[in-house]
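Scroll down for the structure; my scribbles are underneath it.
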């Protein structure tokens with residue numbers, strides 16, 4: 001049986017965690033990004049399809065390639081972040097199901113069905129992007145997930161020649177808590193949920 005996490009862990013992952021826009025001048029080591037991926041890859045996707053493909057943008061040269069695709073309001077904070085993860089999804093994920101889901105011919109569930117491929121890749125890639133946020137927070141990193149960029153430009157610049165499409169971006173690093181605003185409201189249970 002899975003044991004419930006304590007209050008400190010829940011605060012780090014959810015209750016006290018915030019979306020950061022300002023960053024301390026502290027690098028994120030590549031080994032930590034490897035640990036981050038090694039955590040998020042263990043979380044579930046349908047038929048273990050694992051369609052997320054992630055580019056961790058860290059160098060000034062790569063940031064310069066990303067900058068033109070960013071909306072004006074997202075450019076400065078992204079350029080200042082130690083890492084920007086481009087979370088994409090691979091529309092050819094089903095070609096690896098022989099490895100990822102070997103006990104049946106899962107590839108045949110998708111081959112030739114572009115709508116099912118798109119839906120499955122986007123849904124499960126989005127899940128893996130959410131797992132990335134939780135894994136980053138679990139490892140002591142702060143996150144700044146965002147839309148507000150030109151997907152087509154990012155795809156040409158970072159995924160050219162592949163079947164990978166960008167979904168969203170997530171800045172990673174060590175946030176400057178002094179720059180945080182008050183937390184925005186959230187819906188109460190009865191405003192968002194029902195039990196039937």
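No lab work stands behind these numbers, since they all come straight from the coordinates. Small disclaimer: the values here were computed from a predicted structure and weren't measured. FYI the Cβ positions are ideal-geometry reconstructions off the backbone, even for glycines, and counts take in every protein chain you see.
Counting every C-alpha pair in the stretch 39-129, the share spaced more than 24 angstrom apart comes to 36%. Of the peptides 42-53, 175-186, the ranking by mean beta-carbon count within 10 Å, highest at the top, reads 42-53, 175-186. When the P(r) of the chain is calculated, the portion above 32 Å amounts to 22% of the C-alpha pairs. Computed per residue of the chain from DSSP H runs no shorter than four, each worth -39500 (n - 2.57), the mean residue ellipticity at 222 nm is -10500 deg cm²/dmol. Here the contact order of the chain, divided by its residue count and restricted to Cα pairs under 8 Å and six or more residues apart, works out to 34 percent.
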